[in-house]
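Undergrad: I'd like to ask some things about the structure below.
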Amino acid sequence: MDRRVTRIAVEAGASAAIIALIWIYTASVDSYAVSPMPDVLDSFRRAWLFDGVTEHIVPSLVRVALGFGVAVLVGVTAGFLLGLSRTASAIAQPVVSFLRAIPAAALLPPAIVILGVGNSMKVFVIAFVACWPVLLNTSDGVRELDRTMLDTARVYGIGGLERLRLVILPAVAPRIFAGMRVSLAISVLLLVTSEMVASTNGIGHFVFLAQSQFAVADMWAGVILLGLIGFVLNVAFEAVERRVLRWHLASRQSS
Amino acid sequence: MLLEVEGISKSYRSGSTVTEAVGNIEFGVREGEFVSVVGPSGCGKTTLLKCISGLMPPTTGRTLLRGQVVTEPPPELAIVFQDYSRSLFPWLTVERNVALPLRHRTDIADKDAVVSEALAAVGLAKFAGHYPFQLSGGMQQRTAIARALAFQPKVLLTDEPFASVDAQTRAELEDLVLRVRERFGITVLLVTHDIDEAVYMADRVVVLSSPPSTVQTILEVDLPSPRHQVETKLLPEFGRLRAEVYASIMRDPDAPSPASVA
């Protein structure tokens, strides 16, 4: 208990110290690019509490949720198919290698041309780029399943879809979550990118607009919000992971 | 004959080389019998077990269980593997691990009772809610044995089940399997490299040669039941049987030197 309290105190103290340093620095530097902390905080309040929530925050969150959700669904499904079937894997290999190598930014112009500048474009771009870590982790995880574990399932008559649901999915879950963590970060990144390039609302759009209008304090307020959102999403993800993979994390600790 | 192994052989081809792991194995197991299969290291015991159980198709030969050819692991058969940590499902508690194979067993009325009984039989009643990683190696293997028991098999195949635990736990588990087999009337086939264990546990010992393995000898074990770790092993008959098995393995010119056989 003591160690934990000490650790939290140290973390809180360090954070406070860093914020204090930034405050002092921004107040002392006389550049248009560096807004003093009070100005940024004021912009933050005005922009996000609470008008900006429906106008920008909600659309952004919806897009990232949909994009990430589709990425995970497609990634896990395709990952299983490729992991379980050697032929499917052989056929898909060159296609997968090429598609995932396309730099995200290069996807934006074609996406805009094909899907326009609406939500579907952004969700598509997020899903397309974010699905690869999940897909590859899942298929690798399936291919590396332990022989003894699979033999055990066979001996005890667990086959087909049941085996997939009761044995293979839990066994591959740690790998899937590892892939999902990377996908989440990619999803947020692509949300911001797509909103900056082609959008009429959203936090990314807000930041881009603020910059182009030299509303520097607003810009920083948007950046800080994005950081906070990324942070919160990660914390939420880790909480879910801890719950679902209780058995895995605990067993890793004890070994 | 409950289980008949007829002319099983298994060869592996990799590129142009063909490795004959199992040459020609022929023996039978009567209902209620305990048969040990022992041989020098690398004689293909595990491969043989996989062929007998239907996990692996043999190159030639076949296994008959109650007169039916085995092509897939039959429902009357359970296996306890050597590596319990990879055989148990780490995301399930002990209880759920034992209960999982019973999912579709409509012939078992009270599944909970069967699971409790199996856990009690192996002495893990208090650990039903634990996860495998929280248990010692011996306890994990006991969980695997309980799972096999709850499945209510006619035949239990065990692949060097005690090789991964320490000597004292090994003795405990040996006696556990004998007790449980007595109580539930299961036919057991034990594959092991340990000569003492092979003789101690069995009604008959099948001695294999080195690869391509064939049956060197089959010995009847006429020791009194129930077996006892100290008393049985003090009997002159035990020593004689042990020596005979050892000699049979040594007689094989390709068998590894004494230092490498248990």
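Undergrad: Any residue at all in the range B:54-63 that's small (Gly, Ala, Ser), in contact (Cβ under 8 Å) with a residue 40 or more places away in the chain and surrounded by fewer than 19 Cβ atoms within 10 Å (Cβ to Cβ)?
TA: Checking the range B:54-63: at least one residue is small (Gly, Ala, Ser), in contact (Cβ under 8 Å) with a residue 40 or more places away in the chain and surrounded by fewer than 19 Cβ atoms within 10 Å (Cβ to Cβ).
Undergrad: Tell me, which helices (runs of 4 or more DSSP H) lie completely within the range A:155-255 with 3 or more residues that are farther than 30 Å from residue B:77 by Cα and more than 15 Å from the chain's Cα centre (by Cα)?
TA: A:169-197, A:203-212, A:216-244, A:246-254
Undergrad: Of the conditions (1) more than 12 Å from chain A (Cβ to nearest Cβ); (2) touching a Pro at 6+ places or on another chain (Cβ under 6 Å); (3) in a loop (DSSP other than H, G, I, E, B), residue B:91 satisfies every one except a single condition; which number is it?
TA: Only one criterion in (1) more than 12 Å from chain A (Cβ to nearest Cβ); (2) touching a Pro at 6+ places or on another chain (Cβ under 6 Å); (3) in a loop (DSSP other than H, G, I, E, B) is unmet by residue B:91, namely (1).
Undergrad: If residue A:173 meets every condition in (1) more than 13 Å from chain B (Cβ to nearest Cβ); (2) small (Gly, Ala, Ser); (3) surrounded by fewer than 23 Cβ atoms within 10 Å (Cβ to Cβ) apart from one, which number is that one?
TA: Unmet condition: (1).
Undergrad: Next question. Would you check which residues across the range A:230-249 are surrounded by 15 or more Cβ atoms within 10 Å (Cβ to Cβ) and either within 22 Å of residue B:137 (Cβ to Cβ) or within 14 Å of chain B (Cβ to nearest Cβ) (or both) and list them?
TA: A:241, A:244, A:245, A:247, A:248
Undergrad: Could I ask something else about it? Looking at the range A:6-14, is at least one residue among the charged types (D, E, K, R), closer than 23 Å to residue A:226 by Cβ, assigned to a helix (DSSP H, G or I) and modelled with pLDDT of 85 or more?
TA: Looking for residues that are among the charged types (D, E, K, R), closer than 23 Å to residue A:226 by Cβ, assigned to a helix (DSSP H, G or I) and modelled with pLDDT of 85 or more, one finds at least one in the range A:6-14, hence yes.
Undergrad: Here is a list: A:106, A:130. Which entry is touching a helix residue (DSSP H, G or I) at 6+ places or on another chain (Cβ under 9 Å) and assigned to a helix (DSSP H, G or I)?
TA: The unique qualifying residue is A:130.
Undergrad: If I filter the range B:102-144 down to residues being touching a Lys or Arg at 6+ places or on another chain (Cβ under 6 Å) and away from every other protein chain (no Cβ under 14 Å), which single residue comes out as surrounded by the fewest Cβ atoms within 10 Å (Cβ to Cβ)?
TA: Ranking the candidates gives B:124 first.
Undergrad: Report, ordered by the first and then the second residue, all pairs with beta carbons closer than 7 Å, sequence separation of six or more or different chains, a first member in the range A:35-52 that is under 19 Å from residue A:23 (Cα atoms), and a second member that is of a type in the set (Ser, Thr, Tyr).
TA: Within 7 Å, the pairs are A:35/A:26; A:36/A:26; A:37/A:26.
Undergrad: Before we move on, is residue B:146 without any contact (Cβ under 8 Å) to a residue 60 or more places away in the chain and over 16 Å from the mean Cα position of the chain (by Cα)?
TA: When the stated conditions are applied, residue B:146 does not pass them.
Undergrad: Continuing with the same structure: Need pairs with beta-carbon distance below 8 Å; first residue under 12 Å from residue B:197 (Cα atoms) and within the range B:226-246, second small (Gly, Ala, Ser); sequence gap 6+ or separate chains.
TA: B:229/B:171; B:245/B:198
The values are calculated or read from the model by the stated rules, or taken from the named source; none is laboratory data. In this text the structure is predicted, and so the values were computed from the model without any measurement. Counting neighbours? That spans all protein chains shown, and the Cβs are built from the backbone with ideal geometry, glycine included.
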